[in-house]
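Peer 1: So that we are looking at the same thing, I have put the structure below in structure tokens.
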Amino acid sequence: MHTPVLFRDRPRPFQVVLGGVVPLLFGAVVGIVLGISSGGYWGLSALAAIGGVLAGFEHRDGWGGADRGLVGGALFGLGVLVAHAIAGTHAKVSLGGFPPLLVVIDAIVAMFLGALGGRIARALRERAGQPVDDQQPLAAEPLVEESLVE
């Protein structure tokens, strides 16, 4: 089984882009589409949900995936609202009576999706016999102890 690089092991700039910029920009695209097509909005939202589950695979378990999902979902929802406001179009899908609540709802939904992805990834690693706790790396190769030479 291919084990993805853990999010925490990626360089910090990559973490910022992948965990922050991508959800915000994708949310902005969804926010623009919100004023054009309800089908497009729901289709892109479904794609974002799949991305949320897949992002959870970069974490050791559901807890890490949930944390990332919470942040990514909030940024996604913020991107939707800000881009839609800037576009100035009429929403083809109801944003409810208090649109800023979308940020909270998206954050909660994404938290569960990220947790699902993290839990699935952990189960797959356990099934493949790979270590899953924080004390061991997720490398496919066995650990080799280095001897101290003086």
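Read the figures in this text as sums done on the coordinates, not as results from a lab. All of these numbers come straight from a predicted model, not from anything done at the bench. Quick reminder, even Gly has a Cβ in these numbers, built from the backbone with ideal geometry, and neighbours come from all protein chains shown.
Peer 1: Suppose only helical runs count, i.e. DSSP H with n ≥ 4. What mean residue ellipticity at 222 nm does that imply for the chain under -39500 (n - 2.57) per run, divided by all residues and rounded to the nearest 500 deg cm²/dmol? All intermediate terms of the calculation are to be shown ahead of the outcome.
Peer 2: On the way: 5 runs with 90 residues, N = 150.
So the calculated ellipticity at 222 nm is -20500 deg cm²/dmol.
Peer 1: Membrane-span-like helices in the chain: DSSP H runs reaching 24 Å or more (Cα, own axis), mean Kyte hydropathy at least 1.0?
Peer 2: Details: long enough: 38-56 (27 Å, 1.11); 62-87 (36 Å, 1.11); 101-127 (39 Å, 1.21).
Both cut-offs are met by 38-56, 62-87, 101-127.
Peer 1: What distance in nm separates the simple spin-label points at Ala123 and Ala85, each placed 7 Å from Cα in the Cβ direction?
Peer 2: Once both label points are built, they end up 4.0 nm from each other.
Peer 1: Quick check on the chain: what are the equivalent-ellipsoid semi-axes from the Cα gyration tensor, as sqrt(5λ), descending, whole Å?
Peer 2: Details: eigenvalues 277, 43, 26 Å².
Semi-axes from the Cα gyration tensor: 37, 15, 11 Å.
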